[in-house]
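Each remark here refers to the structure printed beneath this line.
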Amino acid sequence: MLSDLINLDTLIARAHERAELPPPTLAFNHLDVLWLQVTGTLCNLACLHCFISCGPKNDSHPFMTLDQVEAALTEAGQMGVKEVYFTGGEPFMHPEIRAMIERTLEVAPLSILTNGILIDDETAAWLGQTFAKSRYNLDLRVSLDGTTAEENDAIRGRKTFEQIVGAIVRLWEHGVNPVVTVTTCHTELSDPAGRNRFIDLLKSRGITQPRLKFLSPFKIGREERRDEGYKNYERLVEGDLLEGEEDDLQCSSCRMVTAKGVFPCPILIEVEEARMGDSLKDAAVPIKLDHPACYTCHVEGVTCRT
Amino acid sequence: MSNLICVFGGIYNNHQSLRALLAEGDALGVGAFYCLGDVGGFGPSPDRVFPMLRSRDDVFVMQGNYDHSIGNRLEDCACGYVDPRDNHFAQISYDYTLARTHDDNKDWLRALPTEYRHVWAGQRVLMAHGSPRKTNEFMWESACPDGFLEYILNEADADLLFVTHTGIPWIRELPSGRRVVNVGVIGRPPNDGTTLVDYVLVDTDTAAVTPRRLSYDHLALAQEMRDEALPEEFVETILTGYWTTCLEILPAKERARGTY
């Protein structure tokens, strides 16, 4: 991890000097990953760590229409996209989510990031059938932020733990093995002992092939108010990127489409200046890594991909 | 020269399957053997495969990520794993292989080419390890849509692409008529509950590709692995045909075929 190579003392000491330097420019390699903000910023939960402040009342990015999803898929397919991700908000709030899933799986593999709350038995069965018959892979990524109700519900809201675990079990029972995604607000959760707690939890619920992904929190959106925002030294300037790092940064090979246009990555959709235009082809251009959140991707090696 | 070519990958120190492959190829009248890389890892006694690879002038070996790492004496295999458990087991076999590969063989690995190109039956043929654009890119069947493969072939100026690296074979004919072939590996079975391993034969007159399954003395290999005190998890894969490690890189569809 790059965090091992970064000298924080130097960054802090040079913060004022670095503030005058331009940010790195990152070339766009290819559209490997298309992100679709299918339900915008509307969510049935209001998790304390959400980096885009999603919730029941935040409609700053509205639902995408099926036509908008179709248009993005068509353009991405022509560009040779490798995989597609649905996120939000909560994707399963969308009344046309099943049509969107079926259409996407004709073009590319699909991962859906969900909190699981709306995945009832009928929905899990439909997803299981869709997974089994689809030519391309279908992954469900279900967010869970603790191995106990106390731990998880402190972040994701009251009484969500059992609902989320219930959805994970229903998906498993219908043949879909979800990736349980943990945001490491409780930093010890990503330690080996923390991982084992999740594995033990999932096995105790009958899931014999537990799949896990751990993500670092971004200090923006609601998370900025929960914990603390970025410090003045936490930004990137020209020369900071290490050799070969350009290709590892997800924004060199992904773009995010919302109802309001194209953005460089899933993190920055609430940053108005980050909007890149209306079409994916317009957005296939270099970007400036000038947001403090870019620092997290650099230091932690974060990728939102599964 | 024979018009029959054998293309395979991922030996993973499995000298038993390599010996069986060369014998089967010789019996079939194969004119040349192309190995798409990853000579080491997983199996026992790394130096046992090199005489077979280096003594024959009809065997052509390409450098995979493992070979690059061993050849350059790097700290890990750069296989592209992201899960701690996967990396734990990968490091055991990497440290084992690095310590037991003779310097002369390491230097040989370091000097290997990273791709082969031919024109067979009018088709531009490219052999790569992971993908043409990245040595350790995984090309899984369920994770590679047609449009992406067309893009990869366009960028690589190829009509017929052979890769390995994932360990699970597949063949796709694209809407354009071009093809992508993941030849699988001969080092361990493809998570399908058999003890067989995979390679392909190519007829250079027609560019027809035929997938083949190979049996070999897997019981002897398992015993050697135990004698070398390699993890029992690796031995189990050889004996059962199901992967016990490297699981988190598998797409859900490929993983659903296995036990773990």
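Just so it is clear, none of the values below were taken in a lab; they were calculated from the coordinates. Every value quoted in this text rests on a predicted model; they were computed, and no experiment measured them. So basically every Cβ, Gly included, is an ideal-geometry build from the backbone, and we count neighbours across all protein chains shown.
Worth pointing out:
- Each residue of the stretch A:133-221 gets 113 Å³ once the volume of the Cα convex hull is shared out per residue.
- Among B:Val125, B:Val82, B:Val183: highest mean-square fluctuation, GNM of chain B, C-alpha pairs under 10 Å: B:Val82
- For chain B: Kirkwood Rh in Å [reciprocal of mean 1/r, alpha carbons]: 18.2 Å
- Both radii come from the Cα set of chain A: Rg as radius of gyration, Rh as Kirkwood radius; their ratio Rg/Rh reads 0.96.
- Counted by neighbouring Cβ atoms within 10 Å, the residues A:Tyr85, B:Tyr199, B:Tyr216 run from fewest to most as B:Tyr216, A:Tyr85, B:Tyr199.
- Sorted into 5 angstrom bins from 0, the C-alpha pair distances of the stretch B:210-260 split as 4, 17, 24, 18, 20, 13, 3, 0 percent.
- Rg and Dmax of the protein assembly as shown, both derived from C-alpha coordinates alone, stand at 24.3, 73 Å.
- Within the stretch B:20-70, all pairs of alpha-carbon atoms sorted by distance into 10 Å bins from zero give the percentages 23, 54, 22, 1.
- The stretch A:178-277 - Rg (one decimal) and Dmax (whole number), Cα, Å: 17.4, 50
- Bridge type composition, chain A - antiparallel percent by DSSP, nearest 5: 20 percent
- Computed with the Debye formula from one identical point scatterer per Cα of the stretch A:171-217, without solvent, the log10 of I(q)/I(0) at q = 0.21, 0.34 Å⁻¹ comes to -0.69, -1.26.
- Principal axis dimensions, the stretch A:1-122 - Cα atoms, whole angstrom, descending: 56, 36, 27
- For GluC sites (Glu not before Pro), the sites in the stretch A:145-251 that DSSP calls loop and that have at most 16 other Cβ atoms within 10 Å are A:Glu228, A:Glu238, A:Glu243.
- Size estimate for the stretch B:133-260 follows the Kirkwood approach: the inverse of mean 1/r over distinct Cα pairs works out to 15.9 Å.
- With neighbours defined as other Cβ atoms within 10 Å of a residue's Cβ, the residues B:Ser17, A:Ser143, B:Ser55 order from fewest to most as B:Ser55, A:Ser143, B:Ser17.
- Once the Kirkwood radius over Cα pairs is known for the stretch B:95-174, the Stokes-Einstein relation at 20 °C and 1.002 mPa s delivers a diffusion coefficient of 149 µm²/s.
- Helix-only mean residue ellipticity at 222 nm for chain A, each DSSP H run of n ≥ 4 adding -39500 (n - 2.57), per residue, nearest 500: -9000 deg cm²/dmol
- Positive-end ranking of B:Gly258, B:Gly29, B:Cys79 along the dipole of chain B, with charges on Cβ about the Cα centre, is headed by B:Gly29.
- For A:Lys231, B:Lys106, order by how many other beta-carbon atoms lie within 10 Å, fewest first: A:Lys231, B:Lys106
- Cleavage-rule hits, trypsin sites (Lys or Arg not before Pro), the stretch B:1-78, DSSP coil, Cβ neighbours within 10 Å at most 15: B:Arg56, B:Arg73
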